[in-house]
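One structure is given here, and the rest of the page talks about it.
The values are calculated or read from the model by the stated rules, or taken from the named source; none is laboratory data. Because the structure is a prediction, the values reported are computed rather than measured. Note: ideal-geometry Cβ built from the backbone for every residue, glycine included; neighbour counts use all protein chains shown. With ligands, DNA and RNA removed, areas are computed over all heavy atoms of the protein, side chains included. Shrake-Rupley method; radii C 1.70, N 1.55, O 1.52, S 1.80 Å.
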Amino acid sequence: MSLADDVRKHCKKTYIDPARNRGDKTIEIRSGDVHKALKYKNRYPLVCSAIGSNRFEDEYNVRRICVKGPLNGVSTLFTFKVM
């Protein structure tokens with residue numbers, strides 16, 4: 001399993017599944033929170049790439065609404081619509 005797979009899996013377990021269970025319409029994922037939870041060092045581009053990929057959207061049936069902040073930084077905030 002790749003590091004990007006780990007990022008996607010973590011996001012599903014930590015953000016997407018709980019949001020679906022609560023009936024939330026949107027979720028926000030901050031790259032720095034994922035990076036810290038997975039205990040990565042200097043892997044912000046990897047985290048942002050995994051979360052921002054079409055594969056992430058297709059695999060977990062979410063649609064990116066917007067991305068705020070620096071492109072590959074600690075404070076990059078992804079907002080998704082839960083389908």
Residues of segment 1-21 with amide N under 15 Å of the 7 Å Cα→Cβ point at I65: 16, 19-20
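So what is the relative contact order for the chain, in percent, with contacts set as C-alpha pairs under 8 Å and at least six apart? List each step's numbers first, then the result.
Values: 123 pairs, mean separation 29.8, N = 83.
Computed value for the chain: 36 percent relative contact order.
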What is the Cα radius of gyration of the chain over 2.2 N^0.38 Å, N being its residue count? 0.98
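Would you mind working out the magnitude of the charge dipole of the chain relative to its Cα centre, with +1 at each Lys and Arg C-beta and -1 at each Asp and Glu C-beta, to the nearest 20 Debye? Mind dumping the intermediate values first?
Numbers: 17 positive and 9 negative charges, 31 e Å.
In total the dipole reaches around 140 debye.
Run the accessible area of the chain with a 1.4 Å probe and give the carbon-and-sulfur part as a rounded percent. Please list the in-between numbers first.
Values: 2490 of 4990 Å².
That share works out to 50 percent.
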What lysines sit close enough to K39 to cross-link, taking a C-alpha to C-alpha distance under 19 Å and skipping anything fewer than 8 places away on the same chain? K9, K12, K13
